[in-house]
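Below is one structure, written out as C-alpha cells; comments come after it.
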Amino acid sequence: MNDRTKFIGASDSPVILGYSKWKTIEELWNEKTGMLIPEDISDKPEIIRGNEWEPLILDIFRLENKGLEVSGPTFHKHPEFDYLCATLDGSVVENGSIVAPVEVKTANGFRKTQSGWTDTTVPDAYLIQLMHQMLVTNTDHGYIVVRFFYPNGGTEKTYKIKRGEELCQKITTEAVQFWENVKQLKKPVRKWQF
C-alpha cells in the first residue's frame, strides 16, 4: 500500500472540490500534513463488502465486455504533477496501454436515487474520482461499474463516461493549490458544493 500522505489520490479530489459527504478539506489537509492520522475504516461493513465484491464486479464487467481486455488494479502518477496519482480498480487496455480506467462501486439499491445514481448519471463525488483517474492516465473515457444490493440479490450497471476537460482542469488547478498548501503548511479554505 502506498503512503497516501505523499500524494493526492482520486478519492481525494472530491474532498478538495467540496463534493465529499465523508470528509472535509481541512481533515484531508490534516491527514496529508501528518497532523491527523486517518480513521481506520477497514472494519466498516460497507468497506468490507466493497473489498470483497470488487474483484467479482470487475469479473462481471469482463464477461459483459468480452471484446475488451480488462486488467486488474494498478497505480499511476500524472506525467507532469507526480503527486497526482490514481489507483485504478481496473482498466481497459489496448496494445499494452490503458485506454480507460474502470472504477468499481457498491451501493444500496433502495437508496440509489437519494445517493445520486440515476439511469444515466453517477454521484458527483464518483464522477470527480473517475475524472481524476482519466486526468492521471491521459484517457478520454472511463467506466464506473456499480453493484446495487437488495435483500435478495443485486444488479450491476455500467456507466461509460467521457472525459470533461473543464472538470479535469478544475481538478488540476484545485489539486495543485491544495498541494502547495500542504507543502507550506497553510490551511485550505473550506468548499461546500452540495
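The values are calculated or read from the model by the stated rules, or taken from the named source; none is laboratory data. Quick caveat, the model's predicted, so the values are computed rather than measured. Accessible surface areas use protein heavy atoms only, side chains included; no ligands, DNA or RNA. Shrake-Rupley method; radii C 1.70, N 1.55, O 1.52, S 1.80 Å.
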Using the heavy atoms of the protein chains alone and a 1.4 angstrom probe, what is the accessible area of the chain per residue in square angstrom?
56 Å²
Taking every eigenvalue of the Cα gyration tensor of the stretch 117-194, multiplying by 5 and rooting it, what semi-axes result, largest first, whole Å?
30, 16, 10
Given N residues in the stretch 35-121, what is its alpha carbon radius of gyration divided by 2.2 N^0.38 Å?
1.31
With every protein chain in place, what's the accessible area of LYS21 (1.4 Å probe, Å², nearest 10)?
130 Å²
Determine the calculated [θ] at 222 nm for the chain from helices alone, applying -39500 (n - 2.57) to every DSSP H run no shorter than 4 residues and normalising by the residue count; nearest 500 deg cm²/dmol.
-11500 deg cm²/dmol
For the chain, what does the relative contact order come out to in percent, with C-alpha contacts under 8 Å and a separation of six or more?
27 percent
Translational D in µm²/s for the stretch 1-66 (Stokes-Einstein at 4 °C, 1.567 mPa s, Kirkwood Rh from C-alpha pairs)
93 µm²/s
Using only Cα atoms, locate the centre of the stretch 1-61 and the centre of the stretch 148-191, then give the distance between them in Å, rounded to an integer.
11 Å
Area of THR87 that stays accessible when all protein chains are in place (1.4 Å probe, Å², to 10):
80 Å²
How would ASP82, ASP119 rank on accessible area, largest to smallest, probe 1.4 Å?
ASP119, ASP82
Which far-off residues, 5 or more places away or on another chain, put their amide H under 5 Å from the one on THR106, with H placed in the peptide plane?
ARG147
Check ALA100: other-chain or 5+ apart residues with amide H under 5 Å from its amide H, H built from backbone geometry?
VAL92
In the full protein assembly as shown, how much of LYS77 is accessible to a 1.4 Å probe, in Å² to the nearest 10?
120 Å²
Helix 45-64 sits at what angle to the longest principal axis of the chain, using alpha carbons and giving 0 to 90 degrees rounded to 10?
50 degrees
Using a probe of 1.4 angstrom, how much of the accessible area of the stretch 54-142 is carbon and sulfur, in percent?
50 percent
Could you put ASP12, ASP40, ASP59 in order of accessible surface area, largest first, with the 1.4 Å probe and the full protein assembly present?
ASP40, ASP59, ASP12
Amide H contacts under 5 Å for GLU69, placed H, 5+ residues apart:
VAL93
